[in-house]
Amino acid sequence: MMEDSPKKYWKGIEELTNDIDFVKNAENEFAEPLPKHEPNTENNRRDFLKLMGFSVAAVSLAACETPVKYAVPYLNKPENLDPSIPNFYASTFFEGGDYSSILVKTREGRPIKIEGNNLSPINKGKTSAKAQASILGLYDDTRYKGFMVNGKAGKMESIDEEVKKSLESASNIRILSSTIISPSTESIIKDFIKKYPTAKHVQYDSPTVSAHGILQANKESFGVEALPSYDFSKAKVIVSFGADFLGTWLSATEYATQYGKTRKLGKDKKEMSRHYQFETRLSLTGANADYRGAIKPSEEALAVVALYNKLNGGETFANKEVDKLLEKAKNDLQSASGNSLVVSGSNDPAVQMVVNAINNQLGNYGNAIDMSTPSYIRKGNDNAVNAVIDEIIGGGVDTVIFYGVNPVYDHPKGKELKSALSNVKNKISFALAPDETSTLCNFVCPDTHFLESWNDAMPKKGIYTLTQPTITPIFKTRSAQESLLLWSEAKTTNFHDFIKGYWNTNVFKTQTKFKGFANFWTSVLHDGQYLTNATIAEVKEEVTETTKEDKKAETKDAKPKVAGKFSGDAGKAVSEIGTKYKTAGFEMQVYQTQAIGNGSQANNPWLQEMPDPITKACWGNYASISQKTAKEKGITAGYVVKVSAKGMSFELPVLIQPGQADNTVVVAVGYGREVVGQAGKINGKAIGVNVFPLAIDVIEGVSIAKTDKYEEVAQTQTHHTIMGRDIIQETTLAEYVKKPNAGRNYPHVSSPDGIKKPSEITLWKGHKYPNHSWSMVIDLNSCIGCSACTVACQAENNVSVVGKAEVLMRREMHWIRIDRYYSSNESAKSWGEMEEASANPEVTFMPLMCQHCNNAPCETVCPVLATTHSTEGLNQMTYNRCIGTRYCANNCPYKVRRFNWFHYAEDDRFTTVNYTQTNDLGKMVLNPDVTVRSRGVMEKCSMCVQRIQAGKLTAKKEKRHVKDGDVITACAQACPTDAITFGDMNDLNSEVAKALSLKKEMKKGEHGAEDEIIYSITEPRAYQLLEEINVKPQISYLTKIRNKDEKKGKGDANANHGGGEHH
Amino acid sequence: MQYTSPVREPLVLRQMHKNDRKTTMHDITDDICRQVEAAPNMRWMIALGISLVVLAWGSYTLYRTWFFGIGEWGLNKTVGWAWDITNFVWWVGIGHAGTLISAVLLLFRQKWRASINRSAEAMTIFAVLCAGSFILMHMGRPWLAHWALPLPNTYGSLWVNFNSPLVWDVFAISTYLTVSLVFWYMGLIPDLATIRERAKNPISKFVYGLMSFGWDGSTKTWARYEMMSLVLAGVSTPLVLSVHTIVSFDFATSVIPGWHTTIFPPYFVAGAIFSGFAMVLTLMLITRYVFKLEPYITLAHIESMNKIILVTGSIVGVAYITEFFIAWYSGVPYEQYAFINRMFGPYWWAYWAMMSCNVISPQFFWFKSMRTNIYATFALSIVVNIGMWFERFVIIVTSLHRDYLPSSWVMFWPTYVDIGDYLFSFGFFFTCFFLFAKFLPVINMAEVKTILNSSTREAGEEYTKEEHIGETKTATAHLF
């Protein structure tokens, strides 16, 4: 009998010994308390039932729809890792010359999103589209999966042996690397050279990335071969000659944040910078300029000289119209002397020398240009690079190491280099993924992705940042630094230890805050960066809030700090330019786009599908010509043209670009990658044409001829003018200062009771938002159109990539798009004429996402209630409920709803472009908080509802109300100019409330109804899009204001018909 | 007892038969049942064959639509409906004539309806089924189509959105289909019983016996039949107005310029009857020829229908002009642009096709010579339906493709799947119609018999005395 049995089983030795702890916990199910992360979460019976109900429902739903295939639970829970709670790691992004200090969001051990690091004095928490998209490179299935020898997979150890052997026997080693801003990597390369004395290190920037001209000019002018720190926020007048400083020039994200500040206006700030742009193509920067002159590439240098001469009395510029603008710019520069900035995108040292002279003459050094804190993000010396390439071609080199460069593709002499490389004995590449150069190398020792590796960086003097791994290397790769350490037989071959050692000896001593290195290191790792004391002081100065008067006084009294005196010979440069540049005939310019850059991320479908901010084209390059040139040559849009220049000819579809200089053709580099992953090709063929062989400043003697072939450019926007509608409401600065609501149009409706505001005639009862009223304010004046928001949103919300064919069908899925409008001719009288953009148009950008209408037309028409209104002002989609009638999209006046025409995540036809959703590795980048939508359902901007939920939960756990800033949408987070502000309209202290000057009123309840709190918008610049149809969006726009003397009239982007206020 | 004025044309032309006798009721039975009882003829086989080929091709494109998704069509982010809803509205419109003929004309005691109502009703049912197929086709997730019905479910209080015109559509179309089907079938029962009685083949006897629900032809049964016809006519009559009114709400209740128009309900109903009669004419003229039914479907029938086409076509024309006037008068720039864009925008050709087919072409029917010309009628009936298709296309696509924000303005071009799915509906429609024409009596024998004597007593006698037999055309002309 069991009960009689004398046997007794103990739970453990503790029971036998009657351990005190054991007796205490004997009654509990778990002897040790369960881990708690949330303070004061006492689960009661109701919570249990709620949770159980939810879990049962969730489990059964999950069972019905998507079987979980590869979920492997943690055997042991890693420390600091809680399922469903993201961890953020500070790191650094530096690729293709684009630098930003970032935070990497990881979920369950996989990086899923990149955000800017707010602590960074450079990018100030902002990122470019390229930085946002760079995370995809980590999950690129076409990366090298291990070491390669002669095109075949090899063992790391044996390859190391072979490499070492060949290095030892080498007589002439060249290391060709991209700009290295990592001080420890530089030190490693130095050690490597010490070990192999025949080695020479040359830093190489792609021709369109290179800042050779500025570096050389600064060397001559100031004795410092570095970029200065530009501060566009200090410039009242900005004159740029072909420098696309908001898009692709040097540290564009940094400049955009600065520029954005000067474009902000408000109650206390009634002044903004005035921006002149002289350029060939219509660049993003030119599109934002107040005045813009279209000049040919050869004229860019001449225009700089003309400005220099004007400042020194005399000489006119050949082009009358441009001359007038130059004169105006000169006058403005002189009156803003000391607070202006002149930049040029030229890579010719002579031109940059003249620019330096102009800036020196205007007293801009020490204010908008700071030579004392040089920037190191460009170090490439074109002359040295060309010398090395010539050396290789000449056969004088027996070993080359390619580190982060692809010269076979992007050097003008790439073709010659390619054939010469077969004669070079040892070619070693650190490429991450196969490219044109690495496939020619006999040793490929793939580097780790920056999200898998340690690194450090010094982008500017006094600013150090760290890169830390956020995931263990996915493939059998090793960081290039470790390879170099190993080959040079260094003491430490672990790069992490090496960096620590380097920092301990070199960086640690520059600070006084921390006594021990360990604390210092932890703090730097946490913040992602370390600023030397001098830098901290400077940043603080900038941040400290001072009143306007104080600031004025400061700028007047402040002594300009100058690093070395300007000692360049401008006269010599001027005469050099005079002889070098002659404008004649048809010219060509190559440039790099916002998205694809120098082509290193050509396998990135997010970037391939990102519409160019100006042309709105994606998936390929094209030949842009001006309207007049098109007419003269009889070329219409979509036809393929044959362009011949410098012994090279290629065929590309034509794109007619308003604003471009006549008799020029402009083509983007970064396309035509022959050796690239799947997304960089269409049907196995390279996308577009590689024009790097033509990447030299000025290309003359170009011919362009029409062919019979037709190929459409994939554009997301094909109608370019605003048709005189009040969509963009804009004015000039002078008008705005006089009347803050200048440019606003107040629609009115005639009714039997007289003229009424649209909101006064309504059938709608309205919604009540007792807790939150989420909203956005978009400042059209500071939006520069850079499209970082589009990619940030795509990454955050798992937005599908659809590929070129589908974009041509006008089916891109982006939740936030940027509408770009050109002004049409002032004389336009008919609708047909208004459809045509003027030759040098004014440009406006308008970010557009779901407007979250209070009276939402989509909500009423959905037959199954799949789109409904939340109690917090959101228009929400229930994907599960959607049956896909598309009625909501038809009835949306803003056309922001996107339909899943196919099952993008499962349809075989989309596996190459949409690998983030179709490929097992690619899927790792998906945000687990957001559903991947299936075929046949509608989707749209949710105002990052998952972030709102997370923010509310954090506040709840901390037992407080949600503060402004707890929740920030992906688009607002990325926006370099803070044009998008997100927040709660029920919180009068929020940024949104401030931007809208919200006033709280009590409305007496009528007919026995309760009293109601009403928040009304009093900001005179604020308007809602399409106010006349009374859909009452939660999103407001602030008027666009141009710093122009005169206002354009009828037919222009802002046709002010029937304006005037009606109250 | 009914008396029809002798100046009217006879509704059934009585021919001289053997033994010097006029068409009797038995002749009617013979004439109509011949098609059902005889072996299928070659013409019918070819017609059905073509329909089946079209249906097969359409089924392939339909498979692509359903298997891969709506992306197989040419739709895009701005134009969310195009051929699908154009075809849907077009087919629903075509269905309208059947109900009008069977219900409204019954209530108004228009005896001439008797020889055309059967096939007009059949056409209604097939047309509504075609329309319904586009509702299913256009859904992103057609397997969840039942969610549009207010079905009790296990998701708690998950219900349809009664604010949505699409839900109203579901009710309107399903009611319409049900009532039309019942009405049509009930009318068939006496004729099915006749065929049952005549059947020599035991299978036919059994099948038609089953289908005729034990009809015994007693006076009581006939009395109930008559009463039921009236009741169903009463139920269907409002449907003639309501169905297309509700379909027009899909557009009228929206905010899109060019859709948001209060004139839509009457204008859509007129348009529906317009296209419905045109389609009835197209089909009747073919059937009349194929089955030699000239004595039953006379020029008088054709002329009456042409008059209706003239009236409704003119109503539609006035509606078009009114829309333009209102667009100008409203002072709403978006509305004005929408209409200017229709006329002179990139889809100008669709607009002018609509105008010439719908407004100009029916005006020919002011002339009696045109109204009574079979070839002209046949051609115009097809032109009218082309025009009415373009009308829906113009309303849907030109309004959507350029609405509020120019940044989203696009063009829509159909793919071969768009076209294939439209062909599917044709294949389905004609397959059904030809099967109907072979296996069911295309003319309501029972009702035609009731008007044989009453409507043609005098006229018939006069006709048979004075004129040759068989040349119906000259005979009718002589009467006037």
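The values are calculated or read from the model by the stated rules, or taken from the named source; none is laboratory data. Here the structure is a predicted model, which is why all the values come from computation and not from measurement. With ideal geometry, Cβ positions are generated from the backbone for all residues, glycine too; neighbour counts draw on all protein chains shown.
Details
- Set B:92, B:54, B:104: member being among the aliphatic types (A, V, I, L, M) and at pLDDT 95 or above: B:54
- Of all residues in the stretch A:782-808, those being among the β-branched types (Val, Ile, Thr), within 15 Å of residue A:901 (Cβ to Cβ) and part of a helix (DSSP H, G or I) number 1.
- Taken across the stretch A:913-920, residues that are in contact with a Ser or Thr (Cβ under 9 Å, 6 or more places away or on another chain) and under 26 Å from residue A:776 (Cα atoms) do not occur at all.
- Filter pass, residue B:322 being under 29 Å from residue B:279 (Cβ atoms), touching a residue at least 12 places away in the same chain (Cβ under 8 Å), away from chain A (no Cβ under 14 Å) and buried (at least 20 other Cβ atoms within 10 Å of the Cβ): no
- Test: residue in the stretch A:856-879 that is touching a residue at least 40 places away in the same chain (Cβ under 8 Å) and in contact with a Leu (Cβ under 9 Å, 6 or more places away or on another chain): no
- Residues of the stretch B:101-129 that turn out to be buried (at least 24 other Cβ atoms within 10 Å of the Cβ), closer than 17 Å to residue B:172 by Cβ and within 11 Å of the chain's Cα centre (by Cα), as a count: 3
- Hey, residue B:145 within 11 Å of chain A (Cβ to nearest Cβ) and part of a helix (DSSP H, G or I) or not: yes
- The condition of being of a type outside the set (A, V, I, L, M), buried (at least 20 other Cβ atoms within 10 Å of the Cβ), over 22 Å from residue A:599 (Cα atoms) and at pLDDT below 95 holds for only one of A:636, A:664, that being A:664.
- Residue that is nearest to the other protein chains (Cβ to nearest Cβ), among those in the stretch B:261-274 that are touching a residue at least 60 places away in the same chain (Cβ under 8 Å) and crowded, with 21+ Cβ neighbours inside 10 Å: B:261
- Counting only residues that are among the basic types (Lys, Arg) and within 21 Å of residue A:124 (Cβ to Cβ), the stretch A:237-283 holds 4 of them.
- Identity of the residue in the stretch A:504-556, in contact with a Lys or Arg (Cβ under 9 Å, 6 or more places away or on another chain) and β-branched (Val, Ile, Thr), that ends up modelled with the highest pLDDT: A:532
- Filter result for residue A:271 (under 14 Å from residue A:346 (Cα atoms) and charged (D, E, K, R)): no
- Of residues in the stretch A:679-729 being out of contact with any strand residue (DSSP E or B) (no Cβ under 9 Å at 6 or more places or on another chain), among the charged types (D, E, K, R) and more than 10 Å from chain B (Cβ to nearest Cβ), the one farthest from residue A:841 (Cα to Cα): A:685
- Members of the stretch A:1012-1055 that are over 23 Å from residue A:996 (Cα atoms) and either at pLDDT below 90 or within 14 Å of another protein chain (Cβ to nearest Cβ) (or both): A:1045, A:1046, A:1047, A:1048, A:1049, A:1050, A:1051, A:1052, A:1053, A:1055
- Filtered by the rule that a residue be surrounded by fewer than 23 Cβ atoms within 10 Å (Cβ to Cβ), over 17 Å from residue B:259 (Cα atoms) and within 7 Å of chain B (Cβ to nearest Cβ), the stretch A:860-882 gives A:864, A:865.
- Top-ranked residue of the stretch B:65-93 - restricted to ones that are over 28 Å from the mean Cα position of the chain (by Cα) and more than 8 Å from chain A (Cβ to nearest Cβ), ranked as farthest from residue B:404 (Cα to Cα): B:67
- Taking the stretch A:102-174 and the helices (runs of 4 or more DSSP H) fully enclosed by it, the elements with 1 or more residues that are farther than 30 Å from residue A:532 by Cβ and not aliphatic (A, V, I, L, M) are at A:135-138, A:156-169.
- Residue identified as at the interface with chain B (Cβ under 8 Å from one of its Cβ atoms) and among the acidic types (Asp, Glu) among A:907, A:920: A:907
- Output for the stretch A:749-772, where each listed residue is more than 27 Å from residue A:1013 (Cβ to Cβ) and in a loop (DSSP other than H, G, I, E, B): A:752, A:753
- Of all residues making up the stretch A:434-467, the number that are over 20 Å from residue A:180 (Cβ atoms) and outside any strand (DSSP E or B): 5
- Which numbered condition residue A:829 fails, given (1) within 14 Å of chain B (Cβ to nearest Cβ); (2) at pLDDT below 95; (3) surrounded by 24 or more Cβ atoms within 10 Å (Cβ to Cβ): (3)
Conditions tested, residue by residue: (1) modelled with pLDDT of 95 or more; (2) of a type in the set (S, T, N, Q); (3) part of a helix (DSSP H, G or I).
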{"site": "A:206", "(1), (2), (3)": "no, yes, no"}
{"site": "A:218", "(1), (2), (3)": "no, yes, yes"}
{"site": "A:221", "(1), (2), (3)": "no, yes, yes"}
{"site": "A:261", "(1), (2), (3)": "no, no, yes"}
{"site": "A:266", "(1), (2), (3)": "no, no, no"}
{"site": "A:270", "(1), (2), (3)": "no, no, no"}
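- The stretch B:400-412 residues that are under 18 Å from residue B:339 (Cβ atoms) and more than 7 Å from chain A (Cβ to nearest Cβ), paired with ones that are of a type in the set (Val, Ile, Thr) and not in a helix (DSSP H, G or I) (beta carbon under 9 Å, 6 or more apart): B:401/B:78; B:401/B:79; B:401/B:410; B:402/B:78; B:402/B:410
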